[in-house]
């Protein structure tokens with residue numbers, strides 16, 4: 001494994017009016033790592049992912065993506081090659097055909113004219129079809145996306161990420177609204193693709209079991225702070241019990 | 001891909017292409033050359049624009065403005081008051097919830113929905129004209145003319161709401177031993193109450209504009225002052241009164257927004273305390289309006305039913321059905337073919353109008369979206385976004401506050417009479433409405449897929465075509481068709497001031513007391529309205 005540092009966080013802090021969402025977080029993530037973010041609801045997992053994605057401005061602290069500060073990525077098109085995001089299945093344009101949603105991953109490369117033509121005659125079709133086959137959606141390219149099931153839509157989102165092919169993938173609760181069998185399926189597929197392409201994956205998860213099963217490193221958060229940051233095999237049941245332990249008066 | 005699949009994928013695209021083709025076809029109905037404009041048209045346009053920036057705000061204009069604004073408001077309030085009563089009674093009957101078996105339900109639905117349909121298919125200005133012709137100039141002519149079509153629209157919506165009430169609570173009331181009337185008062189009405197108020201408030205804003213144009217047949221108010229000033233070529237005064245109208249519309253609009261917002265908030269939170277101020281204010285407005293009409297204008301309801309008026313009305317309506325004519329126009333083949341030609345022209349005018357309005361709204365809608373101006377939709381915001389937002393939104397308010405008829409009266413000073421000035425006037429009024437409705441559709445969109453596209457590196461234009469347009473296109477098309485229906489009804493009105501089509505001929509027939517011709521034109525007009533309703537309803541279903 002190369003030792004290139006993809007994400008370096010230094011004392012990240014984020015305040016929402018009076019609430020502290022992130023308080024002085026520091027960690028660094030190397031290329032090829034599969035990181036699971038766990039912790040109770042409201043611990044700041046989503047806020048952390050959103051700030052790495054540049055969607056939420058930080059109150060203070062420094063964030064380096066592939067050695068450069070986040071603010072250096074002015075152009076969305078360049079940033080899109082660095083980082084891609086997948087969430088629950090709300091990321092797709094429902095009324096569009098599946099193939100257009102997959103090819104949307106190419107918009108950062110395409111000029112305006114090519115993107116518009118593609119809406120009528122899909123461009124770089126083989127690329128999209130291959131990605132769809134890889135996620136097991138053969139023959140669904142011309143279905144209307146909103147007619148697919150939740151699990152299928154999540155696969156479309158993955159196919160889009162394959163086409164976009166960023167170096168870092170951020171996944172925010174990617175399996176939250178799926179049943180266990182489908183969730184297993186999606187996570188296995190996602191981690192396999194990431195390993196194949198030597199990408200870096202940061203995922204927030206509700207389920208500790210999935211985190212242990214598919215990820216190499218677990219960062220746990222509580223009240224906006226890092227509670228523990230360990231390789232998966234060093235995470236013990238005691239630590240987990242303490243992480244989710246309810247304080248008195250907390251419900 | 002199978003053929004059916006292709007249609008399913010592209011049905012919205014195909015419909016859009018058909019609509020564009022129809023629009024282009026309508027453009028061919030005009031000979032495009034310099035002859036369209038009056039010889040003094042351009043200088044007049046400049047004078048009108050100059051008046052816009054230097055409105056006459058002298059004391060007597062202001063006094064007249066306030067007085068006419070009050071008359072306009074009072075007529076609108078009184079008209080809406082009667083419309084609500086009419087809508088509540090006929091709407092309830094049209095919903096069939098009071099009937100006890102299937103046969104009477106269907107009968108009651110058909111009869112009363114038919115009545116509502118007939119009363120709303122005729123424009124309020126035509127009702128006003130018919131009333132004035134029948135009973136002479138009286139505030140009641142304006143009030144009834146407003147109440148009848150507005151009651152028709154409200155009644156139909158009330159009936160639809162009553163029919164959409166879910167079965168369970170009603171069944172529960174029935175098993176508890178409630179009779180028909182009790183289910184209505186304890187079940188249906190409380191369930192739809194909030195929606196009824198919302199919709200009525202929205203209609204009230206439209207009623208203000210309608211009340212303003214009542215003046216054109218000689219019943220006081222803002223429209224009357226605008227008309228007088230236009231005849232004197234005093235454009236600075238015209239704009240002063242137009243500004244009064246805009247302020248009045250904006251006032252009613254913000255009140256109605258406030259009420260609607262309170263209602264939705266109350267639904268969410270389950271609180272019951274707010275809204276009393278509005279109730280008291282509404283009560284006060286209704287009372288003041290009626291007192292003014294009774295005392296200030298000295299309108300006598302009994303006088304309406306005087307022997308003289310009844311005779312005049314009898315003469316008028318017997319004239320309409322052809323009793324005074326040996327050769328009624330509506331039994332004459334030549335008159336029919338002439339009228340049908342005018343009908344086709346009117347149809348073309350409406351298509352041109354909605355086409356122009358659509359183009360203008362399409363070009364301006366993106367900056368008019370609040371969530372784009374503040375960057376929550378796409379995740380990026382530029383300093384000039386807010387300036388553009390403000391400018392476009394002010395343009396929209398301006399465009400929709402001024403009734404079509406007022407736009408038409410100004411435009412007729414620039415263009416020669418014909419279809420084009422009518423189409424432009426209709427488009428000027430409707431582009432603001434369309435733009436506002438569209439902007440709200442985009443504001444209500446789920447922002448997550450859009451932000452994800454932005455994250456995937458899509459540019460603003462790519463985001464529009466990949467993310468926004470596919471999501472909002474069905475609603476956009478629905479609103480285009482819905483506005484086209486409304487425009488269809490209004491074509492006849494812009495014709496009154498010489499903007500071509502059926503309306504122009506209608507006015508001539510009125511002036512020459514050619515009653516049977518009036519009947520013929522009204523028949524053609526109703527055919528058009530029914531066709532428009534049917535076409536837009538069925539296309540809307542196809543897009544869904």
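A short reminder: the numbers here are calculations on the coordinates, not readings from a lab. Source: prediction; values computed, not measured. Reconstructed Cβ throughout: ideal geometry from the backbone, glycine too, with neighbour counts over all protein chains shown.
Annotation: peptides B:312-321, B:72-81, B:235-244, ranked by per-residue average of other Cβ atoms within 10 Å with the highest first, follow the order B:72-81, B:235-244, B:312-321. Evaluated at 10 °C with a viscosity of 1.306 mPa s, what Stokes-Einstein diffusion coefficient in µm²/s does the protein assembly as shown have when Rh comes from the Kirkwood expression over alpha-carbon pairs? Answer from the Stokes-Einstein relation: 52 µm²/s.
Contact order, relative form, for chain A: 27 percent (alpha carbon pairs under 8 Å, 6 or more residues apart, mean separation divided by residue count).
Across chain B, the mean sequence separation of Cα contacts (distance under 8 Å, 6 or more residues apart), normalised by length, yields a relative contact order of 18 percent.
Largest mean-square fluctuation among A:82, A:114, A:106, in a Gaussian network model of chain A whose springs join Cα atoms under 10 Å apart, belongs to A:114. For peptide B:468-480, the mean count of partner chain Cβ atoms within 10 Å of a residue's Cβ comes to 2. Taking the number of Cβ atoms within 10 Å of each Cβ as an exposure proxy, the fewest-first ranking of B:224, B:202 is B:202, B:224.
Scaled to the globular estimate 2.2 N^0.38 Å, the Cα spread of the stretch B:90-132, given as radius of gyration, is 1.47. Compare A:162, A:221, A:112 in a GNM of chain A, Cα atoms joined below 10 Å, and give the one with the largest fluctuation. Of A:162, A:221, A:112, the Gaussian network model singles out A:112 as fluctuating most. Could you list log10 I(q)/I(0) for chain A at q = 0.11, 0.16 Å⁻¹, which the Debye formula gives when each Cα is one point scatterer? Listed by q, the Debye log ratios stand at -0.61, -1.22. With only the Cα atoms considered, the stretch B:328-544 has a convex hull volume of 117 Å³ per residue. Over the stretch B:328-544, Cα pairs under 8 Å with separation of 6+ residues give a relative contact order of 29 percent. In a solvent-free Debye calculation with one equal scatterer on each Cα, what is log10 I(q)/I(0) for the stretch B:57-320 at q = 0.15 Å⁻¹, listed in the order of the q values? The Debye formula, applied to the Cα set alone, gives -1.16.
Computed over the alpha carbons of the stretch A:90-166, Rg followed by Dmax gives 11.2, 33 Å. Across the stretch B:432-495, the convex hull enclosing all Cα atoms gives 82 Å³ per residue.
How do B:164, B:195, B:60 rank when sorted from fewest to most other Cβ atoms within 10 Å of their own Cβ?
B:60, B:164, B:195
Within the protein assembly as shown, antiparallel bridges make up roughly 60 percent of the DSSP beta bridges whose residues both belong there. Tell me whether chain B comes out rounded, prolate or oblate; compute the Cα gyration tensor, take square roots of the eigenvalues as a ≥ b ≥ c, and use a/c under 1.5 as the rounded threshold. Because its axes are fairly even, with a/c under 1.5, chain B counts as rounded.
For chain A, what is the percent of antiparallel DSSP beta bridges, rounded to the nearest 5?
55
Of the residues B:366, A:56, B:250, the one with the fewest other Cβ atoms within 10 Å heads the list, and the complete ranking is B:250, A:56, B:366. GNM remark for chain A: springs join alpha carbons under 10 Å apart, and the peak mean-square fluctuation among A:132, A:120, A:187 falls on A:120. Taking chain A as the reference, fit the longest principal axis to its C-alpha atoms, fit the long axis of helix A:125-134 to the helix C-alpha atoms, and give the angle between the two in degrees, 0 to 90, nearest 10. Roughly 50 degrees, rounded to the nearest 10. Helices in the protein assembly as shown, meaning DSSP H runs of at least 4 residues, each add -39500 (n - 2.57). Divided by all residues, the mean residue ellipticity at 222 nm is -21000 deg cm²/dmol. Normalised by 2.2 N^0.38 Å, where N counts its residues, the alpha-carbon radius of gyration of the stretch B:441-535 equals 1.77.
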